[in-house]
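Peer 1: Quick one: the structure is below, and I'll ask about it shortly.
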Amino acid sequence: MESKKDLINIAPIFYGISMVPKHHWESYGFALLAIAGADGDVSDPEMDWLLQDLAESVGVPEEVVNAWEDYNYEEADLEEIFLSFNIHSTVNFAKLLVYDAIRMASADDDFADDERDSMGEAAQILRLSPEAMLSIEALVDLEKAAEKLRVTLF
């Protein structure tokens, strides 16, 4: 059982959950880094997405952010990362991770083939159907198009 100090109160409106253990966030970030780094590099926009768009928006503590910054994603093993926490403890965990991983990996406007392959590996480990993965990717594309339209209009 997690103590209150080991839990992070996150943005429940966006993620549909409110408290997540710190070590889960650490592993979640490691998985995102492994996927985005599958092409050999976590670009500045990808890292900015992780450290600003995600970490700041949900209030990830500094020690977890520091662990992400120091993480050697090139040596990452997705299966091992997923074994480090109960992927079934959070409703729709697999879908959330794939959604965030696609958002991070495409933050530099290049969802590289190696990143896409790594995403497929993650989806397979998480038992997420190819159809669900394709739908999530389409949602990310739709959100990017809507953002571009908003910027263009205003």
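Peer 1: With out of contact with any Asp or Glu (no Cβ under 9 Å at 6 or more places or on another chain), surrounded by 15 or more Cβ atoms within 10 Å (Cβ to Cβ), more than 15 Å from Phe30 (Cα to Cα) and aliphatic (A, V, I, L, M) as the only criterion, which of Ala146, Ala123, Ala112 stands out? Even if it seems obvious, please write down each step before you answer.
Peer 2: Details: Ala146 fails: surrounded by 15 or more Cβ atoms within 10 Å (Cβ to Cβ); Ala112 fails: out of contact with any Asp or Glu (no Cβ under 9 Å at 6 or more places or on another chain).
Unique residue meeting the criteria: Ala123.
Peer 1: Let me ask something else about it. Quick one: is Met104 under 16 Å from the mean Cα position of the chain (by Cα) and closer than 12 Å to Leu32 by Cα? Outline the logic, then answer.
Peer 2: Values: under 16 Å from the mean Cα position of the chain (by Cα): yes; closer than 12 Å to Leu32 by Cα: yes.
Yes, satisfied.
A quick yes/no check of all residues on (1) within 16 Å of the chain's Cα centre (by Cα); (2) modelled with pLDDT of 95 or more; (3) surrounded by 15 or more Cβ atoms within 10 Å (Cβ to Cβ):
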| residue | (1), (2), (3) |
| --- | --- |
| Gly37 | yes, yes, yes |
| Glu56 | yes, no, no |
| Glu69 | yes, yes, no |
| Asp77 | yes, no, no |
| Ile81 | yes, no, yes |
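The values are calculated or read from the model by the stated rules, or taken from the named source; none is laboratory data. Only a predicted model underlies this, so the values are computations on that prediction, with no experimental measurement involved. Note that each Cβ is placed from the backbone with ideal geometry, even for glycine, and that neighbours are counted across all protein chains shown.
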